[in-house]
Amino acid sequence: MALMPLSSRRSLRRLLIALVVTGLAVAGTAGAFFMRARRDVTTTSEKAWRAYHEAAENDLKMYEREAISGYAAALQEDPHFVMATLRLADKMRGRDPDRAKSLVASAARYRDEITERERLVLRIYEERWGRRDMAVLGQLFDEYVERFPDDPEGYRLRANHLSTVNRNADAIAEYERLLTVNPNYATAYNTLGYYWAERGDYAKAEDFLKRYRYLAPDQANPFDSLGELYARVGRYDEAEENLHKALAIKEDFFASYGHLGSVELGRGHPEKAAAYFRKAADAAAGPWARADFRFLVVLMLCDAGKVEEARKEFDDMAAEARAFPPGSEANTMALHTLFRRAVFLARTGDAAGADAALEALQKAAPMEGDPEKLKGYAGDLAYLRGFVAAMAGRFAEGAESLGKALSEDGPSGLGGTEYYSRRDIARILLAHCLSRLGRKEEAEKALQPILARNPRYQPALDELARIQG
Amino acid sequence: MSVLAPDPSSPEGAASVPGRSPRPLLVFIGVLACLLAVLSVVDMFMPKAYDGVVPDPYSTAGIVIRDLVPGGAAEKAGLRTGDTVLGIGHRMLNKAAEAPPELRRHRAGESVDYLVSRGGEVFETKVALTPFRLGSASYFYFAFLGLLFFVLGAFVVSRRPDDPAVQVFYVLCILFMLFFICRLRPSSYYWIDYVVQVAGTLALFLLPAVFLHFFLLFPAKKTFRFAERAAGEAPTAPWLGALQRFLNRSPLLFTLLYTLPPVLYVLQMAGARHGVTRRLIYGAPTLNWILLADYLILGLLALAHTWWTSEDRAARRPILVLLLGTVAGIVPFVVFAVFFPSLFREDRYLAWGVVPMALIPLTFAYAIVRFRLFDVEVIVRKSLVYAILTAVVTGFYALCLVAGNALVSTVSSSTLFSSPAFAFGFGLVVVLLFDPLRRRMQSFVDRVFFRDRADFQRALLDMSRSVVSQLERPKLRTLLTSRTAELLRLESLDLLLPRGEDGAFTDGAYADVSGGGGAGLPALSMGAVLPRLVLERGVPVRLAELDDRTLDADSRAFVAAARRRLVTVLLPLATHGKLLGLLAVGRKRSEEELSREDLDHLLTIANQGALGLEAAGLHEELTKRAEMERDLDIAREIQTSLFPRELPRVPGVSFFGVSRPARVVGGDFYDFLEVDGDVRAGGRLGLVVGDVSGKSIPASLLMVAAKEIVYARAMADPDPGVVFREANRRLYDIKRRMFVSLAYFLLDSKALSLTYAFGGQPTPLLVRAGASAAVEIPAPANRLPLGAFREVPYDTVTFYLAPGDLLLFYTDGLNEAMSAEMAPYGDERLKASFVRHARRPLPELADELLEDIRQFTQEAEQYDDQTFVLMRIG
């Protein structure tokens, strides 16, 4: 070939071959990519697949109801849809454990027809609702993440597991990894927000909770979480705005009423707080939350000087607790009522009654069981002891007990909702005891953590004013 | 341009490997780059919902805003450069590639909630999406610049695709194009951005290395000599020598050049993953930009060094132009686009650095047009310059018309400009005035830019005419070799023509200006494979592409010798399917490879040379024939002068002589001489009958010489034997290997005796009165032809005649006359004929003798002279 012009047939043939090969390679890669994207779950129905993915999206945003109906719709389209079955079981676990178990069992029938990933999920669910061996579960989660590192579900499951076994820092790291894989896991943002709020990094907490709110703007909970955070740091107007938005979305969202109560508490309006706590109690979904809010009503009424009204409220609450169906939960409720009684009696000046209740609580303290729970119970008693002593005018004892309780009380787990922080109560009482003991500097110092977080927290400001004369 | 060729002796500068043309790959790269560029440009104007964010494609914790489209939705919404978009439409995003699906869920005009992080604060804002509009004036400029580079590179490589330096230049142009069109474009979230930006990033990595590579190869491979010392100087440090060897010879040098940028990038990215901070400029790490600047500066230094060290003044000029243009294009880029952002953290002036880069392609384009850089001219003239001129002229007319219309409208409020008549009038004016003006401008451009080219074309045309019209072979050979070699600036050019009986092609003429000696090429037999191969192909055959295994031994030997002589191409000189010669073309003096245009010229010259050779052959033949005619005329005159004008009048004796020559002029002769006075007064008469070997003028001259010698000797001593011995010696000395058959008879009419000597002549026949048979007269003992040997003892015989005797003195043309069947007439037939017609008068007898011979030979060609003299006594 002496000369081959660029347009010669031979040249064009080679060019065409190169283009065809490239085209095939690109098409193959694209095809493989899209096929891979579609192959994450096993179903024969396009409609079922779409319903499942829609439900999964809602699941990410913690839209429980929509998620459940979506998984159910997917199962209607394809009754053998294993992943939809397992996801639905997961959602039903708290509501209807028996149905959840039967769903898992039905999914297990198709073990041989599903993918490796689905089989592994099935094994995890079986273990969680079967033997519940934490070590085995941990291994299964590790295996899942290792084999399917692109699937955010693995990180979520492992993070949950880590928090369950109290490896909270690891759990948080896992959530953060989860968000790098898929930034649309709303629950992760909520968890991270509470976690950092618990550890005093409110900016970080706000960042995460804003992301959470952004992801689920039609849900009440994100607004409530952010409102709670703002309430905690004294940004009451923003707190109210978010909490009202939450209530606008879900008018019976009791948590938001509760946090509005916290806002009023922080502002130094116990009566208004009592009103919100009452609304929260009325709207509360279960007896435990209702009892909590009714007790907060009692405390706020006491703070507002309406002792008789408070006593009546307390008696009603106690009566309701006594009406709890017999069983282990009834016993726990009785213990809680006894705890609250001690607080109420101390708050109303009945020192002897309070001491008696405290003594009964100490006797009822469990001697064995989950060490974390035992530790929590001991912490609660320490606070109560200090509280009772301080209210009874035993300032030295009160200061000692409260100081010890506070020093032993670190950040709790992944954090959680608080309407009336016992640590704030303890610090104010500690400051009160110290000032009454003439240790004014120490008293002021005791209030500093509260005011550093929330310089507008009126009960602390009131106490500071008292200390400073 | 002899200076603008790579060094073929080096691996980098070597011609491409035969049979593995890089052209498909070059075309593929070009098409792919064009697709990417078109994709990039078209994408800028595709209708999509867009927020006007130019993202940092490498951010992974949200989309970091690298830039905002001026007046775009994001800017209107209050977003700022450096903000991080965390979510769009209530979906969280980690990277830019996740944005398009979210944007696709919305339409232009729709307000979408954005979650943005600024300085650690997260907030939501509404962004009203607008139709996709990224294109800006600066991007148009970049796209134009990229296109300019590509056109330049594609144009050059289409002219010389096998030149390594050109290939590197082509790749360099493509990388510049990708850099401008794909890397410097404002990007959006869409996958196209990802694709083109990745291509642009790759271009950014490769561009500096290719830039440096090109200037290390261009115009010739750079050879470093910093470690060399003259005799007597102290030796340099060993590491300097090693460095020089590495720079000059090691293929690792280029590997290193190309590997360094991506390795640096990967290291930085890996460092970033481990928390090492890195600064990005236009999405690429600062260090890569600094490396880019270093490579660019090194490339400029290499070019400057080439200019500084070049000894060829003609070569320095284009290099200087290129150097100035490249410096003017690169330096602002290095300062404003690299040093400012990296040293002062100021990238507002990036455009100031990019805009002057247009000077690089423009300078190269200028050098190509002005100095015939890369040996490309014609297409430039026909396309680029014509197009520019057309545009300029059209623009000028349009401007004039608009200005005229504006003038008219100001004075008469005419609406000519908006009238349909304007378009018509404009077209008419352009048609009428356009071509004359363009022609004049073209003429000017031709004078400025293409004088050399025009001169060359004219010289080529003149030479072509000369080749066809030149009928003298030596001059034609000179034209085909020396003149062609001079015109095309070839080192050598050999013309091989068929010679000898076997027609082997031998080096007929050659031009060699290489200074490498003139060792010619070996002969190549006509039947060898190579000539047939060249004839069959009919196009220039590159020696490098010949497969030796398909050749025979003769051809292989020839090819080996030709390669040693640095012959690169063989061309046939053929007409009507007949191979008349071969042209063996050496390298160009510039050492660059023969371009397609060169080969076209050579093929044209070869075709015309073949016609010239054919014409010259015919001319030679005609000339020879004419010369022969002339020679024969002269010979005929000489010979005629040798025969007696009249027969001697001897009492009692009658004579008649005839000579019928073969091939127009014969070598036979006869003559009479009076040796001792008037024969009528009783003096003796000499008769000489002769036959010279060979014909034509030499034979005639020898005949003259023989006759004169015999005459001279006969005057001194009439004894035939003596005359012959003396004449033999003289004739031997005059002309060897040419002899004369001669018979000398001395007739004494008184004594009726015939004294004679023979030298190679047949014995005369005698018919006595009343005899019925012819006999030979007695022959002397020594009858060797005269001039055959130096000393021959010729003897003299005397024979007495009687009244009535009839003698026939003849040459062998009579008895050896051949029939068509190649049968000789023979002595017996001659004798019979002689006897049969002996009684007739001598003229009739002569005619009859000849007629009998003619009857015998029929139409057969007379191959020898037929000469005889008849003598009758009484």
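Would you confirm whether or not the stretch B:66-85 contains a residue that is within 13 Å of chain A (Cβ to nearest Cβ) and either under 22 Å from A:Asn184 (Cα atoms) or not in a helix (DSSP H, G or I) (or both)? Checking the stretch B:66-85: at least one residue is within 13 Å of chain A (Cβ to nearest Cβ) and either under 22 Å from A:Asn184 (Cα atoms) or not in a helix (DSSP H, G or I) (or both).
Restricted to helices (runs of 4 or more DSSP H) entirely inside the stretch A:406-469, those with at least 2 residues that are surrounded by fewer than 17 Cβ atoms within 10 Å (Cβ to Cβ) are A:440-453, A:458-467. The helices (runs of 4 or more DSSP H) located wholly in the stretch A:58-118 that include 1 or more residues which are more than 25 Å from A:Val145 (Cβ to Cβ) and without any contact (Cβ under 8 Å) to a residue 24 or more places away in the chain occupy A:64-77, A:97-108.
With respect to (1) at pLDDT 90 or above; (2) farther than 24 Å from B:Leu747 by Cβ; (3) out of contact with any strand residue (DSSP E or B) (no Cβ under 9 Å at 6 or more places or on another chain); (4) not aromatic (Phe, Trp, Tyr), the lone exception for B:Ser772 is condition (1).
Determine, yes or no, whether A:Leu226 is touching a Phe, Trp or Tyr at 6+ places or on another chain (Cβ under 7 Å), aliphatic (A, V, I, L, M) and either surrounded by fewer than 24 Cβ atoms within 10 Å (Cβ to Cβ) or within 14 Å of another protein chain (Cβ to nearest Cβ) (or both). Spelling it out, it is not the case that A:Leu226 is touching a Phe, Trp or Tyr at 6+ places or on another chain (Cβ under 7 Å), aliphatic (A, V, I, L, M) and either surrounded by fewer than 24 Cβ atoms within 10 Å (Cβ to Cβ) or within 14 Å of another protein chain (Cβ to nearest Cβ) (or both). Checking the stated criteria, B:Val331 turns out to be modelled with pLDDT of 80 or more, farther than 19 Å from B:Ala203 by Cβ, assigned to a helix (DSSP H, G or I) and over 42 Å from the mean Cα position of the chain (by Cα). Any residue that is crowded, with 20+ Cβ neighbours inside 10 Å and at pLDDT below 80 - is there at least one of those in the stretch B:628-636? Yes: the stretch B:628-636 contains one or more residues that are crowded, with 20+ Cβ neighbours inside 10 Å and at pLDDT below 80. Taken over the stretch A:392-420, the criterion of being in contact (Cβ under 8 Å) with a residue 40 or more places away in the chain and either hydroxyl-bearing (Ser, Thr, Tyr) or touching a Phe, Trp or Tyr at 6+ places or on another chain (Cβ under 9 Å) (or both) is satisfied by A:Pro411, A:Ser412, A:Gly413, A:Leu414, A:Gly415, A:Gly416, A:Thr417, A:Tyr419, A:Tyr420.
Conditions (1) crowded, with 17+ Cβ neighbours inside 10 Å; (2) at positive phi; (3) not aliphatic (A, V, I, L, M), marked per residue:
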| site | (1), (2), (3) |
| --- | --- |
| A:Asp150 | no, no, yes |
| A:Leu157 | yes, no, no |
| A:Thr187 | yes, no, yes |
| A:Pro217 | no, no, yes |
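Which residues, counting only those in the stretch A:237-260, are within 14 Å of chain B (Cβ to nearest Cβ) and closer than 20 Å to A:Gly416 by Cβ? Result: A:Asn242, single match.
Within the stretch A:125-139, can one find any residue that is within 19 Å of A:Glu46 (Cα to Cα), assigned to a helix (DSSP H, G or I) and among the basic types (Lys, Arg)? No - not one qualifying residue is present in the stretch A:125-139. Within the stretch B:530-553, how many residues are farther than 16 Å from B:Ala584 by Cα and either within 14 Å of chain A (Cβ to nearest Cβ) or surrounded by 19 or more Cβ atoms within 10 Å (Cβ to Cβ) (or both)? Count: 2. In the set B:Leu579, B:Leu571, B:Leu583, B:Leu602, only one residue is of a type outside the set (Phe, Trp, Tyr), touching a Leu at 6+ places or on another chain (Cβ under 6 Å) and assigned to a helix (DSSP H, G or I); that residue is B:Leu602. Of the residues in the stretch A:173-193, not one is touching a residue at least 12 places away in the same chain (Cβ under 8 Å), away from chain B (no Cβ under 14 Å) and part of a loop (DSSP other than H, G, I, E, B). Checked against (1) closer than 21 Å to A:Ala283 by Cβ; (2) touching a Lys or Arg at 6+ places or on another chain (Cβ under 7 Å); (3) away from chain B (no Cβ under 11 Å), A:Gly234 meets all criteria but (1).
Of all the residues in the stretch B:581-620, those that are basic (Lys, Arg) and closer than 19 Å to B:Val559 by Cα number 2.
Checking the stated criteria, B:Val116 turns out to be within 11 Å of chain A (Cβ to nearest Cβ) and either over 15 Å from B:Gly62 (Cβ atoms) or assigned to a strand (DSSP E or B) (or both). Here B:Val31 clears all of (1) of a type in the set (A, V, I, L, M); (2) closer than 23 Å to B:Ser138 by Cβ; (3) within 58 Å of the chain's Cα centre (by Cα); (4) modelled with pLDDT of 85 or more except the condition numbered (2).
One residue alone among B:His576, B:His601 is more than 14 Å from every other protein chain (Cβ to nearest Cβ) and either under 17 Å from the mean Cα position of the chain (by Cα) or closer than 25 Å to B:Gly527 by Cβ (or both), and that residue is B:His576.
If you check B:Ala610, B:Ala606 for being surrounded by 22 or more Cβ atoms within 10 Å (Cβ to Cβ) and within 14 Å of chain A (Cβ to nearest Cβ), only one passes: B:Ala606. None of A:Lys250, A:Lys306, A:Lys312 is within 24 Å of A:Lys210 (Cα to Cα) and not small (Gly, Ala, Ser) except A:Lys250. Restricting the stretch B:51-65 to residues that are of a type outside the set (D, E, K, R) and touching a residue at least 40 places away in the same chain (Cβ under 8 Å), the residue that is nearest to the other protein chains (Cβ to nearest Cβ) is B:Gly62.
Confirm whether A:Ala205 is within 13 Å of chain B (Cβ to nearest Cβ), touching a residue at least 24 places away in the same chain (Cβ under 8 Å), farther than 19 Å from A:Ala452 by Cβ and crowded, with 22+ Cβ neighbours inside 10 Å. Steps first, please.
Details: within 13 Å of chain B (Cβ to nearest Cβ): yes; touching a residue at least 24 places away in the same chain (Cβ under 8 Å): yes; farther than 19 Å from A:Ala452 by Cβ: no; crowded, with 22+ Cβ neighbours inside 10 Å: yes.
No.
Looking only at the stretch B:39-80, residues that are more than 60 Å from the chain's Cα centre (by Cα), at pLDDT below 85 and over 17 Å from B:Lys95 (Cα atoms) come to 3 in all.
Within this structure, B:Leu103 passes the test of being aliphatic (A, V, I, L, M), more than 14 Å from chain A (Cβ to nearest Cβ) and surrounded by 19 or more Cβ atoms within 10 Å (Cβ to Cβ).
With respect to being farther than 30 Å from B:Lys221 by Cβ and within 13 Å of chain A (Cβ to nearest Cβ), B:Glu121 fits the description.
The values are calculated or read from the model by the stated rules, or taken from the named source; none is laboratory data. Keep in mind it's a predicted model, so treat the numbers as computed, not measured. Every residue, glycine among them, receives a Cβ derived from its backbone with ideal geometry; neighbour counts consider all protein chains shown.
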